[in-house]
Amino acid sequence: MSKHVAVLMGGWSAEREVSLNTGRPCAAALEERGYRVTPIDVQPDIARVLQAVRPDVVFNALHGRYGEDGTIQGLLELLQIPYTHSGVLASALAMDKQKAKAVMAAAGVSVPEGVVVTRQKAAAEHVLPPPYVVKPVNEGSSVGVIIVREDRSHPPQELGREDWPYGDEVLVEKFVAGRELTCAVMGDRALGVIDIRPATGLFYDYDAKYVAGGSVHVLPADLKPNIYQRVQELALTAHQALGCRGVSRADLRYDDTPGGTGALVVLEVNTQPGMTATSLVPEMAAHAGLSFGELVQWMVEDASLSR
């Protein structure tokens with residue numbers, strides 16, 4: 001009898017639409033591979049729904065708060081249902097950008113200089129000399145990220161709005177010039193390195209990630225062999241230091257600008273990377289010889305073995 005897989009998607013975080021766009025193709029691919037699949041748009045009654053559905057394994061396609069911060073993982077542990085991606089601790093740790101940076105730095109991974117402050121303080125004064133980046137501490141998909149350029153005389157005033165939805169603390173990091181790189185880890189293996197070139201703007205923002213034509217992906221990245229290998233080493237070290245399992249994706253910056261520092265730093269590790277039509281992990285898996293169906297099947301079988 002084929003495994004019964006519940007694909008969790010949607011939810012109510014700021015990344016709901018991304019999650020739905022991840023979950024639908026994953027559910028379809030698993031059905032094509034012969035699994036019995038129940039897609040679930042997650043609502044607050046998810047514990048009751050899962051007890052009624054009684055899946056053999058959960059494919060976690062949720063993004064953002066409650067889906068990749070250890071919350072749903074803790075519930076699945078209580079229900080004793082195997083699930084894809086990282087466990088409770090690694091999920092919570094990777095979602096807290098500053099704590100994740102501290103753990104990665106202790107493991108020898110270079111990370112950007114930064115500080116956590118209240119959003120009111122970041123709106124009142126330049127916490128770091130421009131250029132710098134302001135990020136919500138606990139969001140993904142570049143949601144709420146602000147680039148403060150060198151010529152900006154005042155700090156970002158939008159941080160002081162009463163309707164700011166991303167929490168009262170923000171991470172302010174030194175902006176690292178150069179190239180946006182990413183590398184996925186699958187189990188204990190680093191996949192290829194992609195050089196991401198946004199169609200417009202300075203960085204890989206929400207539209208560059210999820211809008212068709214928003215970015216150009218160069219795979220394999222045109223890097224010197226030692227730099228390419230170092231990116232893979234950093235992605236794998238970060239994955240292991242945070243305690244990740246299954247598939248993760250590390251995002252990096254490489255300053256190869258004329259007269260630049262040559263810095264290669266890990267910005268963050270995404271424990272539940274997107275699996276949409278424009279997503280990076282399926283592209284890296286394909287470069288390694290794995291179809292989309294083979295990738296999601298591996299993730300389900302890996303989850304089953306992790307119990």
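For Gly259, state whether it is part of a loop (DSSP other than H, G, I, E, B), on the phi > 0 side of the Ramachandran plot and modelled with pLDDT under 95.
Numbers: part of a loop (DSSP other than H, G, I, E, B): yes; on the phi > 0 side of the Ramachandran plot: yes; modelled with pLDDT under 95: yes.
Yes, satisfied.
State whether the residues of region 178-194 include one that is of a type in the set (Ser, Thr, Tyr), buried (at least 17 other Cβ atoms within 10 Å of the Cβ), part of a strand (DSSP E or B) and at pLDDT 95 or above. Even if it seems obvious, please write down each step before you answer.
Residues of region 178-194 that are of a type in the set (Ser, Thr, Tyr), as a first pass: 182.
This time we only want the ones that are buried (at least 17 other Cβ atoms within 10 Å of the Cβ), so: 182.
Applying the additional criterion that residues be part of a strand (DSSP E or B) yields 182.
Okay, now just the ones that are also at pLDDT 95 or above, so 182.
Yes, the conditions are met somewhere in region 178-194.
Selection of region 262-284 for residues being in contact with a helix residue (DSSP H, G or I) (Cβ under 7 Å, 6 or more places away or on another chain) and part of a strand (DSSP E or B) yields Leu264, Val266, Glu268, Val269. Each residue in region 282-307 was checked for being touching a His at 6+ places or on another chain (Cβ under 9 Å), more than 30 Å from Ala106 (Cβ to Cβ) and buried (at least 20 other Cβ atoms within 10 Å of the Cβ), and 0 of them qualify.
For the condition within 13 Å of the chain's Cα centre (by Cα) and among the small types (Gly, Ala, Ser), what is the one hit in Ala235, Ala303?
Values: Ala303 fails: within 13 Å of the chain's Cα centre (by Cα).
It is Ala235.
Would you confirm whether or not region 263-275 contains a residue that is open to solvent by 10 Å² or more (accessible area, probe 1.4 Å), out of contact with any Asp or Glu (no Cβ under 9 Å at 6 or more places or on another chain) and in contact (Cβ under 8 Å) with a residue 40 or more places away in the chain? Within region 263-275, none of the residues are open to solvent by 10 Å² or more (accessible area, probe 1.4 Å), out of contact with any Asp or Glu (no Cβ under 9 Å at 6 or more places or on another chain) and in contact (Cβ under 8 Å) with a residue 40 or more places away in the chain. Among the residues of region 32-56, those that are open to solvent by 70 Å² or more (accessible area, probe 1.4 Å) and under 25 Å from the mean Cα position of the chain (by Cα) comprise Pro39, Gln43, Pro44. Of the residues Val134, Val116, Val148, the single one that is more than 30 Å from Pro44 (Cα to Cα), surrounded by 22 or more Cβ atoms within 10 Å (Cβ to Cβ), aliphatic (A, V, I, L, M) and at pLDDT below 95 is Val134.
Being over 19 Å from Gly178 (Cβ atoms), basic (Lys, Arg) and either modelled with pLDDT under 95 or not assigned by the TED database to the domain that holds Gln80 (or both): is that true of Arg253 here? In short, no. A single entry from Pro155, Pro165 fulfils the requirement of being open to solvent by less than 20 Å² (accessible area, probe 1.4 Å), assigned to a loop (DSSP other than H, G, I, E, B) and not β-branched (Val, Ile, Thr): Pro155. With respect to the conditions (1) open to solvent by 10 Å² or more (accessible area, probe 1.4 Å); (2) within 29 Å of Val137 (Cβ to Cβ); (3) modelled with pLDDT of 95 or more, Ser279 falls short on a single one, namely (3).
The values are calculated or read from the model by the stated rules, or taken from the named source; none is laboratory data. Model, not experiment: these values are computed from the prediction. Quick reminder, even Gly has a Cβ in these numbers, built from the backbone with ideal geometry, and neighbours come from all protein chains shown. SASA here: full protein model, heavy atoms, side chains in, ligands and nucleic acids out. Shrake-Rupley method; radii C 1.70, N 1.55, O 1.52, S 1.80 Å.
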